[in-house]
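Undergrad: Got a structure here, written out as structure tokens. Questions coming.
The values are calculated or read from the model by the stated rules, or taken from the named source; none is laboratory data. These figures come from a predicted structure and were not determined experimentally. Neighbour counts run over all protein chains shown; Cβ positions are idealised from the backbone, glycine included.
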């Protein structure tokens, strides 16, 4: 098959952080090439180089054997490269109608007047929608894009890309907002495009999808292509290359704890629309690790237990009593705490000090008759700095001014300074250095040893094996494995993760 796009020695750095380290990749016409990689592997950067978003890359991109410079998305599109990015909000424009969003690029390029009437726009919008057989009513096309369901916004962006008849189509987690029926519909479109000779670069963490749709699988880790697999894929080897070697575990933090008392019990819990319900019991005095790739259901599990979202189905009991938090405040009142996956968006408020951040969930402790006690607030802030070895001058320092590892220590420390009933840590080691990670592991295990039920979600198996006593494996929202680490092996865990039907 003919090579449509070739990358030779592609590098990309942000400051001193080298994200891509010499990528060599050929993308062939009529072939679906899937990319698999953990967080930080370089997938998004690779996509943005190819789609013209990042122009300051090193190395050479060739189209049909001729070197080109992809300096803007419009340049990439002129060479037949189009991308549908994972963040839907980056591709749609609130305030414009659905029809105008279908034709947004034509409007920006003045191919359609910015003041064109809906009568002029509607026929052309229907033509774009027809690429995916989107037979939407006129009132939908006239409505603000803000009211369109996320899944339909995803389909809109895909239709907008396909209308250009790309030679290379890049799809970044394209089914993340789609139902199973919509995903199958997308796969039919992909197969049709492949049969028509389009090269497709498909980025996903869903192994079942990759197995169903891809002809080839490349594994990216730390900015380097680690392996290249033809179909049928060797999933055990692919996951091994994606996750790397198991890390040595410190003996002083790996004495296995086995809890005895049931604390939080989940019955018939369904995490994703297409997944199967399962039961789960979390016990005091042990750390339960939840391992799975992105989209496996770990965040849904965490948010459901914390009352941030509702489970698709199921119910919970806490210490034997019904537990159904309608919002995080209900969970906090029951001493069920959570550190979210995105500490900046979910926890840190710009310009807030360490003391403000630490005491915010517990204002009653630092106020009297609804008046803040500044000294009490500073004392609690200083206690977290001291106990968690936060590198800061004082508790007045803005949290955002700290390093990533010290930010995480503050965010975790504000919860762990008390003895929670349940502590949920979603990707607690993301963006922290080795030293900070070890400190957090020690503190986490100390809290479990003192009697809390601790649950840690991570897409990094090495982190799970370092912090946890017991490991759960999630895949596509299904519970695939539940065992103490002494009763299982890394190979068994990966095998359960790669059981693709």
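Undergrad: Output the number of residues of the stretch 224-273 satisfying the condition of being exposed (fewer than 13 other Cβ atoms within 10 Å of the Cβ), over 25 Å from residue 206 (Cα atoms) and at pLDDT below 90.
TA: Qualifying residue count, the stretch 224-273: 6.
Undergrad: Follow-up. So, in the stretch 374-403, exactly how many residues are closer than 15 Å to residue 352 by Cβ and surrounded by fewer than 15 Cβ atoms within 10 Å (Cβ to Cβ)?
TA: 5
Undergrad: Within the stretch 301-317, track down each residue that is under 30 Å from residue 399 (Cβ atoms) and in contact with a strand residue (DSSP E or B) (Cβ under 9 Å, 6 or more places away or on another chain).
TA: Correct list: 301, 302, 303, 304, 305, 306, 307, 308.
Undergrad: Being loosely packed, with under 13 Cβ neighbours inside 10 Å, modelled with pLDDT under 70, within 29 Å of the chain's Cα centre (by Cα) and not assigned by TED's automatic domain parsing to the domain that holds residue 284 is the requirement here; does residue 350 meet it?
TA: Working: loosely packed, with under 13 Cβ neighbours inside 10 Å: yes; modelled with pLDDT under 70: yes; within 29 Å of the chain's Cα centre (by Cα): yes; not assigned by TED's automatic domain parsing to the domain that holds residue 284: yes.
When the stated conditions are applied, residue 350 passes them.
Undergrad: Further question on the same structure: Quickly run through the stretch 61-77 and pick out the residues that are surrounded by 18 or more Cβ atoms within 10 Å (Cβ to Cβ) and closer than 12 Å to residue 7 by Cα.
TA: 61, 63, 70
Undergrad: Please go through the stretch 282-341 and give me each residue that is in a loop (DSSP other than H, G, I, E, B), under 18 Å from the mean Cα position of the chain (by Cα) and within 28 Å of residue 487 (Cα to Cα), ordered by number. Give the steps one after another, and end with the answer.
TA: First, pick out the residues of the stretch 282-341 that are in a loop (DSSP other than H, G, I, E, B): 284-285, 292-297, 307-312, 319-320, 324-327, 334-335, 340-341.
From what's left, under 18 Å from the mean Cα position of the chain (by Cα): 292-297, 308-309, 340-341.
Result: 292, 293, 294, 295, 296, 297.
Undergrad: Restricting the search to the stretch 131-147, which residues are under 15 Å from residue 97 (Cα atoms) and at pLDDT below 90?
TA: Result: 146, 147.
Undergrad: Return the residue satisfying two criteria in turn: it lies in the stretch 159-191 and is over 21 Å from residue 101 (Cα atoms), modelled with pLDDT of 85 or more and touching a helix residue (DSSP H, G or I) at 6+ places or on another chain (Cβ under 7 Å), and of such residues it is surrounded by the most Cβ atoms within 10 Å (Cβ to Cβ).
TA: 190
Undergrad: Only one of (1) over 27 Å from residue 46 (Cα atoms); (2) surrounded by fewer than 21 Cβ atoms within 10 Å (Cβ to Cβ) is not met by residue 194, so which one is it?
TA: Status for residue 194: all satisfied but (1).
Undergrad: Would you mind listing the strands (runs of 3 or more DSSP E) fully within the stretch 1-100 where at least 1 residues are without any contact (Cβ under 8 Å) to a residue 60 or more places away in the chain?
TA: Working: elements: 3-14, 17-28, 32-36, 58-63, 66-68, 81-84.
Of the strands (runs of 3 or more DSSP E) lying wholly inside the stretch 1-100, those with at least 1 residues that are without any contact (Cβ under 8 Å) to a residue 60 or more places away in the chain span 3-14, 17-28, 58-63, 66-68.
Undergrad: Please give the number of the condition residue 112 fails out of (1) surrounded by 15 or more Cβ atoms within 10 Å (Cβ to Cβ); (2) modelled with pLDDT of 90 or more.
TA: (2)
Undergrad: Might you check whether a residue that is modelled with pLDDT of 90 or more and either closer than 22 Å to residue 57 by Cβ or out of contact with any helix residue (DSSP H, G or I) (no Cβ under 9 Å at 6 or more places or on another chain) (or both) occurs anywhere in the stretch 82-101?
TA: Scanning the stretch 82-101, I find at least one residue that is modelled with pLDDT of 90 or more and either closer than 22 Å to residue 57 by Cβ or out of contact with any helix residue (DSSP H, G or I) (no Cβ under 9 Å at 6 or more places or on another chain) (or both), so the answer is yes.
Undergrad: If you don't mind, another one. Run residue 154 past the list (1) in contact with a helix residue (DSSP H, G or I) (Cβ under 8 Å, 6 or more places away or on another chain); (2) outside any helix (DSSP H, G or I); (3) not assigned by TED's automatic domain parsing to the domain that holds residue 33 and report the number of the one that doesn't hold.
TA: It is condition (2) that residue 154 fails.
Rundown of residues vs (1) touching a residue at least 24 places away in the same chain (Cβ under 8 Å); (2) out of contact with any strand residue (DSSP E or B) (no Cβ under 7 Å at 6 or more places or on another chain); (3) closer than 22 Å to residue 494 by Cβ, yes/no style:
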residue	(1), (2), (3)
422	yes, no, no
427	yes, no, yes
437	yes, yes, yes
441	yes, yes, yes
444	yes, no, no
453	yes, no, no
459	yes, yes, yes
462	yes, yes, yes
468	yes, no, yes
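Undergrad: Which of the helices (runs of 4 or more DSSP H) contained wholly in the stretch 163-275 include at least 2 residues that are under 30 Å from residue 29 (Cβ atoms) and more than 23 Å from the chain's Cα centre (by Cα)? Spell out the reasoning first.
TA: Values: elements: 180-195, 207-213, 235-243.
Ranges flagged: 180-195.
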